[in-house]
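Notes follow the structure.
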Amino acid sequence: MISPFSPLRKGLVMCVSGPSGVGKGTVISAVLSRKTAVAHSISITTRSPRPGEQEGVSYYFRSKAEFEQMLAQGDILEHDFYCDHYYGTPRQPLIEKVSQGIDVLMDITVPGSMTVMKNYPEAITLFLLPPSFSELERRLRKRGTECETTVQKRLQKAWEEINMAHHFKYVVVNDHLEQTVDRILAVVEAEHCRYVRQSGIESIVLSK
Ligand code: 5GP
């Protein structure tokens with residue numbers, strides 16, 4: 001629900017990071033289906049689409065040259081080079097959504113979250129952990145979208161990423177989807193209640 005003081009309410013930016021296979025995409029879709037004033041920042045990538053992925057829905061799929069051009073033009077808010085491909089957040093749509101009071105969830109790598117944290121300290125960072133490393137491996141293999149070399153690369157990367165969890169403000173273990181969604185929404189609501197996000201609210205109350 002949008003606060004009755006909506007003119008004061010700017011959308012939140014929440015960076016969601018976690019190892020490949022932890023279920024970030026599924027969790028973000030489930031959050032979106034539960035809350036309408038939340039959007040997903042659609043990233044740009046130079047990797048090829050997986051079966052079922054759609055242009056402009058899952059990602060904007062671009063060539064390396066196109067990505068580098070956008071980067072040079074300053075159209076990308078943050079980016080990372082992950083497992084041989086570029087991934088980046090388009091700047092303009094994110095800024096527009098936040099100024100319209102829409103909360104934006106970003107599904108980004110750990111270095112991506114670090115960049116956002118540095119340049120945009122109001123952003124919230126949340127790390128999704130798998131219940132165990134063996135369960136992560138099982139989920140990654142079950143997805144069946146990557147070849148063995150890529151799976152190995154992603155597992156190695158996952159190990160490094162999990163060791164970065166302490167840099168994040170919130171950590172949620174993604175064991176049961178609905179519980180994970182409840183926790184993320186609780187964080188979003190609590191963050192909206194922080195005074196810094198509503199400064200001046202008392203004068204509005206006093207003027208009525
Ligand atoms: P995948 O290839 O599995 O879709 O994504 C690989 C990794 O790239 C995931 O960890 C995902 O969170 C991350 N990623 C997706 N979009 C972006 C982005 O715009 N920026 C950054 N830094 N990472 C991203």
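Rounded to the nearest 10 degrees, the angle from helix 148-162 to the longest Cα principal axis of the chain is 40 degrees.
Applying D = kT/(6 pi eta Rh) to segment 154-195, where Rh is the Kirkwood radius over alpha-carbon pairs, T corresponds to 4 °C and eta to 1.567 mPa s, the Stokes-Einstein value obtained is 107 µm²/s. Straight-line cross-link reach from residue 24 at under 16 Å between alpha-carbon atoms covers these aspartates and glutamates, not counting any fewer than eight positions away in the same chain: 53, 107, 135, 137, 161, 175, 178, 182.
Please label the shape of segment 74-196 as rounded, prolate or oblate, based on the square roots a ≥ b ≥ c of the eigenvalues of the alpha-carbon gyration tensor (a/c under 1.5 means rounded; beyond that, a/b larger than b/c means prolate, else oblate). Working shown, then result.
Details: a/c = 2.05, a/b = 1.35, b/c = 1.52.
Taking the square roots of the gyration eigenvalues as a ≥ b ≥ c, segment 74-196 is oblate.
Using a Gaussian network model of the chain in which every pair of alpha carbons under 10 angstrom is joined by a spring, one finds that among 20, 113, 48 the greatest mean-square fluctuation is at 48. Scalar couplings 3J(HN,Hα) for segment 139-146, obtained by applying the Karplus form with A = 6.51, B = -1.76, C = 1.60 to θ = phi - 60°, are 5, 5, 6, 5, 4, x, 9, 10 Hz; x denotes Gly and Pro.
What 222 nm value per residue comes from the helices of the chain, counting each DSSP H run with n ≥ 4 as -39,500 (n - 2.57) and dividing by all residues, nearest 500 deg cm²/dmol?
My calculation for the chain gives -13000 deg cm²/dmol from helical runs alone.
When both segment 149-208 and segment 108-122 are represented by their alpha-carbon centers, they are found 13 Å apart. In segment 66-145, a dipole from Cβ-located charges (positive for Lys and Arg, negative for Asp and Glu) runs towards its positive end, and of 134, 90, 109 it is 134 whose Cα lies farthest in that direction.
Beta carbons within 10 angstrom, averaged per residue: use that to sort the peptides 142-155, 33-46, highest first. Mind dumping the intermediate values first?
On the way: 142-155: 12.9, 33-46: 17.1.
Highest to lowest by the protection proxy: 33-46, 142-155.
Above 16 Å, the calculated P(r) of segment 1-109 contains 62 percent of its Cα-Cα pairs. Only one residue of 206, 186, 167 has its Cα farthest out toward the positive end of the dipole of segment 161-208, where Lys and Arg carry +1 and Asp and Glu -1 on Cβ, and that residue is 206. Highest mobility in the GNM of the chain, judged by mean-square fluctuation with C-alpha springs under 10 Å and restricted to 126, 12, 177, is found for 177. Mean silhouette area of the chain, derived from the convex hull of its C-alpha atoms and averaged over all directions, reads 12.1 nm². Among 158-170, 96-108, the peptide with the highest mean count of other Cβ atoms within 10 Å heads the list, and the full ranking is 96-108, 158-170. About its Cα centre, the dipole of the chain is roughly 240 debye, where the only charges are +1 on Lys and Arg Cβ and -1 on Asp and Glu Cβ.
Laboratory data are not the source of any read-out in this text; all were calculated from the coordinates shown. Computed from a predicted model, the values in this text were never measured in an experiment. Cβ sites come from the backbone with ideal geometry, for glycine too, and all protein chains shown count toward neighbours.
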